[in-house]
Each structure stands twice: as structure tokens, then as C-alpha cells.
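The structure appears right after this line, and notes come after that.
Laboratory data are not the source of any read-out in this text; all were calculated from the coordinates shown. None of the values given here were measured: they were computed from a predicted structure. Backbone-built Cβ (ideal geometry, glycine too); neighbour counts: all protein chains shown.
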């Protein structure tokens with residue numbers, strides 16, 4: 001177990017290196033110059049050159065990456081060129097918002113997807129199954145921002161039940177905070193459930209053909225126990241994988257949802273950093289997201305072992 | 001003979017295929033007295049497994065079932081799902097062919113035994129666990145307390161089949177259907193498992209249907225044997241009678257295909273030439289006719305009924321009995 005954990009952590013390093021290097025390269029390809037952006041169009045070339053030298057922007061890219069990496073290895077993620085805010089402070093201030101959105105959204109999507117998948121698997125081939133798989137397919141082809149805008153129109157503009165924007169810190173007013181998360185989380189859940197439902201449905205259909213399900217029926221177990229204990233557990237490996245990938249992605253914030261609903265999360269930080277050519281913030285966020293992704297994948301691997309004892313013992 | 005425990009009347013099973021419906025079971029009648037053993041023998045695809053699934057009401061969803069299956073006074077075909085559920089376990093149990101796939105890989109042996117006891121006998125977990133240990137010990141599993149906490153993949157094939165038998169026996173069923181219970185096991189383990197089944201059957205006065213493709217398996221262990229071919233029973237007789245005087249050429253061919261220990265090395269093994277008929281295109285005459293060395297025109301034009309024309313105590317479906 002410890003060996004497995006150690007191997008995983010070792011695997012994390014090259015991933016993080018590759019991801020940050022790629023971000024550095026791509027970011028440096030962005031048109032426009034940070035010094036000019038900060039000083040404005042009217043600045044003299046001398047002033048711009050001076051600022052570039054001060055920020056190290058005149059150095060070759062590999063040197064700049066080296067300096068940044070050296071800082072990271074010493075626990076210094078750097079600070080924003082523009083606001084002077086440290087990366088650490090910027091990320092930790094916005095992380096709770098993205099995490100709250102992610103948790104509510106993912107739970108909601110599972111709550112929709114799992115019962116529907118079980119229902120469709122049991123009734124596979126019937127009109128009911130075709131209706132819900134068709135619905136899921138239709139939803140898959142509907143973009144996220146459309147759902148967001150439709151939800152805002154219906155619940156915020158027409159019915160005036162929920163706020164479309166206006167995030168409130170949890171500490172200030174927990175209820176208002178939760179209310180401000182309902183529409184964004186529902187939008188997220190709407191995007192996630194069709195995929196989850198479809199993978200679980202097809203795995204479940206395969207599992208229901210297994211001998212051990214016939215055996216469970218022959219033992220005279222109640223249908224609920226057969227479905228929820230005998231069939232759901234061995235069918236949920238793909239579901240866990242897909243949900244894990246989605247969670248990993250959502251750690252980086254849901255860019256579109258956060259932007260539309262004006263939630264101050266990681267996604268908005270990232271978008272802001274790109275617009276402002278704030279490389280250090282951008283690098284920091286990417287590093288953080290990549291690490292989060294790897295950690296989530298690690299947890300997913302652990303979950304496999306929890307769900308399937310054969311994996312557990314294969315590694316022991 | 002007492003009132004039958006199981007009486008199967010005119011069972012048909014049709015499976016949809018791209019080439020039209022396939023009649024997997026074609027009008028089978030069987031009766032089984034309490035405590036007795038019936039062997040069902042036939043080669044792969046003869047419908048023996050479909051017949052057992054029909055009795056268990058575990059046919060694939062697409063399959064169409066006809067006929068009546070009277071079990072302890074109830075027709076299983078028309079039984080409500082909840083009534084059927086209560087029946088399975090305490091009255092009707094099954095041991096499947098492959099213990100590698102019939103136990104749930106993600107649940108412990110203990111869970112899989114205990115849940116059955118709890119579902120039918122209303123035991124609390126501690127009592128059920130204790131009963132589980134007794135059951136595992138009864139089927140010859142060493143260190144049963146430890147096994148309860150293990151998963152199926154940690155046990156050998158023979159041990160898994162013993163677990164499956166323990167589960168099947170857990171609620172003291174009146175009828176056990178063993179569908180090729182030893183086919184997936186090592187030869188050395190096969191006899192042990194068959195002996196175990198026979199012993200438990202005696203002890204519990206339980207009826208058993210033993211399904212196999214091996215005439216040797218049913219020889220010493222059954223009261224009656226039904227030989228199936230192409231979805232029909234082609235010969236049915238008390239076991240001693242069948243082996244002393246078989247009437248159906250197919251049964252003879254099956255028996256000839258068993259390797260004999262006393263034949264000299266390199267003796268060619270007699271095989272039944274040809275293949276079973278395509279059951280989506282039923283033959284007009286006897287379904288064994290294309291492979292039968294006694295066949296004539298009469299066999300091609302008329303299907304022989306399963307009957308006992310000589311009142312000798314054995315049924316057979318053949319125009320030219322041996």
C-alpha cells in the first residue's frame with residue numbers, strides 16, 4: 001500500500017512539470033506584452049523596457065521558466081504582476097467557491113443519474129428506457145451556457161425565485177450563500193448527468209446478465225437488494241472513473257458557469273489571468289489544477305480497490 | 001409413488017433469433033417425486049439448461065415460455081413475483097454450472113450466505129453468521145469462520161462450488177436443481193462435489209434434478225434419467241433400466257462416446273457424426289434422424305412420440321428401438 005502510494009506520488013512530478021512547462025510556452029505565445037498592458041499605450045519605450053527588465057520578461061523563456069520553477073521548489077509560487085497578490089492567497093481565496101459549486105453539482109448529478117440509470121437498465125429496451133436515454137442524448141447536445149441562460153430566464157427573470165448573480169460568502173449568510181449556488185449547481189448537474197447515466201446504464205445492463213445476478217434471484221432476494229447491492233457495486237467502476245475525471249476538471253472551476261453566474265471561483269481567476277496576461281497567476285492556477293487532477297485520479301484508483309476486492313488483493 | 005413435487009407439462013421455450021424463433025425446449029413433460037433424483041442428459045444446446053431455467057423462472061427476458069410447471073401445488077408460470085421470491089431459497093434452489101461466475105465477486109462469502117438466511121428465515125446477523133459457519137463446515141470447507149470474511153476469488157473452483165452448494169442448501173429447499181455442477185471443475189474435484197450433493201440430498205430428503213452432458217455422472221446417482229435431444233426428451237427410464245436396456249439410438253451413441261479405461265491406447269473415441277439440427281427450422285420427422293444409423297424413410301416423414309409401447313416401464317421416442 002505504501003509502495004503504491006509512493007509510486008503514485010513519484011508519477012505526479014513529471015505530470016506537473018510537463019503541464020506547467022506547456023502552460024508557460026502557450027502563455028508566452030499569447031499576443032501582447034505584459035509591461036505595455038500594465039503601463040498603458042502612452043508609456044515611453046524606455047519605461048516599458050525598464051519594467052520588462054525588472055520583471056525578467058526580457059530573459060529567454062527557458063530562463064524565465066527556470067526562475068519560476070526554482071521559486072516553486074522553494075515554496076514560493078510568486079505573486080501577481082498586477083495586483084501584487086500572492087498566488088497562494090489568490091487561489092485559496094477562490095477555492096472554496098469552486099469546491100462548493102463542484103460538490104453540490106456533482107452530488108446533484110449523481111442523484112439524477114444513478115436512479116435513472118438503474119431504472120433504464122432494468123427496463124432496458126422498453127419505451128421508458130428509450131425516453132430517458134433519448135433525453136440524455138438530447139441533453140448532451142445542448143451546450144452548458146444555453147442551459148444556464150434558460151435557467152436564469154425561467155427562475156431568476158420570470159419567476160424571480162432565485163438570484164442569477166450575487167454570490168454571498170457562506171460565513172456571512174449561509175442560506176443566501178446556498179441560494180446563490182442553486183442555479184449554477186443545477187446547470188452543472190444538467191451537464192454531468194447524461195454522461196454518468198449512460199455509462200452506468202450500459203454497465204448495469206451488462207451486469208444484470210451475469211450468472212451471479214441469476215443466482216441472487218434464485219436465492220429469493222428482494223429486487224431492491226439485487227439491484228442496489230449485487231448489481232450496482234460491480235457496475236460502478238466506469239461511473240467512478242467518469243465522475244472522477246469530471247471532478248478533476250471541476251477543481252479548476254467551471255469556467256462558463258462561474259462566468260455566467262458571476263461566482264468568484266478558480267475558473268474566473270483563470271479567465272481573468274489570461275485576459276490580463278498575468279502569467280504568474282496563470283501558472284499557479286494551472287499547477288494547482290493539475291495537482292488536483294492527479295490527486296482526484298489517485299482517489300479514484302483507491303475507490304476501485306474499495307469497490308472491487310480483486311483489485312485490492314491483486315495489489316497486496 | 002406419492003404425489004409429485006414437481007410436474008412439468010408441455011413446456012416450450014422459444015428464443016428469438018435473427019433467423020426466426022428458435023424452439024429451445026419443445027414440449028417436455030417431467031414429474032419428480034419428493035426426495036427423488038432425476039438426471040437430465042444431453043449434449044450442448046439440447047435445451048437442458050433452458051429447461052432448468054424455465055423451471056426456475058430465470059429465462060432470459062426475450063424468451064417465450066409455454067406450458068405448465070406445477071411445483072408443490074402451485075403453477076410457477078403464473079405465480080406473482082413476490083410469491084416466487086418467497087419460494088426461491090426455502091423450496092426451490094439451484095447450483096449453477098460455473099462457480100467462477102455464479103458468486104458475486106464484490107461481496108464476501110459471508111454476505112452471500114447471510115443475506116439468503118436473512119431474506120427467508122428472518123435471522124439476525126449474528127445467528128445467520130453462526131449458521132453460515134455450520135453450513136460451510138457441512139459442505140466440507142476447512143476454516144469456515146475465516147472463509148466467511150473472504151471473497152470468491154480467494155477460493156479455488158471446487159471450494160467456490162461448495163460455497164454455492166452451501167448457499168443453495170441454506171434454507172432447506174425441497175428441490176435442488178444442479179445445472180452441470182461439475183462441468184467447470186477439475187476431474188479430481190468432480191466426484192467430491194457429486195458425492196457431497198448426493199450425501200446432502202439423502203440427509204435432507206430433498207429432490208434433485210441433476211443436469212449433465214455426462215451419462216457417467218447420472219449412472220450411480222439418479223433414480224431416473226431423461227435424455228434430451230434438440231429440445232425434446234427422447235428417452236426416459238429408471239436409471240438401472242436405462243443402462244441395462246437403452247432403446248433410443250441417441251442414448252446408445254452418447255454412451256459409446258464415453259472413453260473407457262480398459263480400451264487399449266490410441267483407440268479412436270467413437271463420436272456422434274454430424275451436428276444437432278437447426279432448431280429454427282424444425283424437421284418434419286425425428287430430429288436425430290440425420291445422424292442416426294438406423295434411420296429410414298419413416299423416420300424422415302414422421303416424428304416418433306415419447307411413449308412406452310411395450311409397457312416396459314421406460315419411455316422412448318424412436319421408430320426403431322434397439
Can you give the Kirkwood hydrodynamic radius for the protein assembly as shown, in Å, rounded to one decimal and based on Cα pairs?
30.0 Å
Restricted to chain B, the DSSP antiparallel beta bridge percent, nearest 5, is 60 percent
Which value in deg cm²/dmol, rounded to the nearest 500, describes the helix-derived mean residue ellipticity at 222 nm for chain B, given -39,500 (n - 2.57) per DSSP H run of n ≥ 4 and division by the residue count?
-9500 deg cm²/dmol
Considering chain A as a Gaussian network with a 10 Å cut-off on Cα pairs, which listed residue, A:118, A:226, A:251, attains the greatest mean-square fluctuation?
A:226
With 0.36 nm assigned to each residue of separation and the Cα-Cα distance removed, residue B:275 to residue B:134 gains 46.1 nm
Nearest-0.05 FRET efficiency for residue A:8 and residue B:187, computed from C-beta distance (R0 25 Å)
0.05
For chain A, calculate the relative contact order in percent as a whole number, restricting contacts to Cα pairs under 8 Å that are 6 or more residues apart.
26 percent
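Per-residue ellipticity at 222 nm for chain A, helices alone: DSSP H runs ≥ 4 residues times -39500 (n - 2.57), over residue total, nearest 500 deg cm²/dmol?
Dividing the helical sum by the residues of chain A leaves -24000 deg cm²/dmol.
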Compute the distance in nm between two label points, each set 7 Å from the Cα along the Cα-to-Cβ direction, one at residue A:312 and one at residue A:159.
4.3 nm
Tail beyond 28 Å, pair distance distribution of chain A (Cα, percent):
54 percent
For segment A:95-269: relative contact order, % (alpha-carbon pairs under 8 angstrom, 6 or more apart)
35 percent
Roughly how crowded by other chains is peptide B:76-88, in terms of the mean Cβ count from those chains within 10 Å of each of its Cβ atoms?
2
Ranked from highest to lowest mean number of other Cβ atoms within 10 Å per residue, what is the order of the peptides A:212-222, B:223-233?
B:223-233, A:212-222
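If you count, for each residue, the other Cβ atoms within 10 Å and average over each peptide, how do B:57-70, B:40-53, B:263-276 line up from highest to lowest?
On the way: B:57-70: 15.3, B:40-53: 23.0, B:263-276: 9.9.
Top to bottom by mean Cβ count within 10 Å: B:40-53, B:57-70, B:263-276.
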Computed from the beta carbon distance with a Förster radius of 60 Å, FRET efficiency for residue B:261 and residue B:74 to the nearest 0.05 stands at 0.85
Computed over the Cα atoms of segment A:95-269, the Rg and Dmax in Å are 18.5, 57
Taking Cα atoms, how many degrees apart are the long axis of helix A:61-73 and the longest axis of chain A, rounded to 10 and kept between 0 and 90?
70 degrees
Specify the angular offset, from 0 to 90 degrees and rounded to the nearest 10, of the alpha carbon long axis of helix B:157-169 from the longest principal axis of the alpha carbons in chain B.
80 degrees
Could you rank the peptides A:188-194, B:100-106, B:296-302 by their average count of other C-beta atoms within 10 Å per residue, with the highest value first?
A:188-194, B:100-106, B:296-302
What's the angle, to the nearest 10 degrees (0 to 90), between helix A:174-208's Cα axis and the longest principal axis of chain A?
50 degrees
Using a Gaussian network model of chain A with C-alpha springs under 10 Å, which one of A:163, A:174, A:234 is most mobile by mean-square fluctuation?
A:174
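Classify chain B as rounded, prolate or oblate from the Cα gyration tensor: take a ≥ b ≥ c as the square roots of its eigenvalues, call it rounded if a/c is under 1.5, otherwise prolate when a/b beats b/c and oblate if not.
Since a/c reaches 1.5 and a/b is larger than b/c, the shape of chain B is classed as prolate.
May I ask what percent, to the nearest 5, of DSSP beta bridges between residues of the protein assembly as shown are antiparallel?
Just about 60 percent of them are antiparallel.
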Give the average, rounded to an integer, of partner chain Cβ atoms located within 10 angstrom of each Cβ in B:103-111.
5
Determine the relative contact order of chain B: mean sequence separation of Cα pairs under 8 Å and six or more apart, normalised by residue count, in whole percent.
20 percent
Please compute the length gained on full extension between residue A:38 and residue A:131, using 0.36 nm multiplied by the number of residues separating them and subtracting their Cα-Cα distance.
28.0 nm
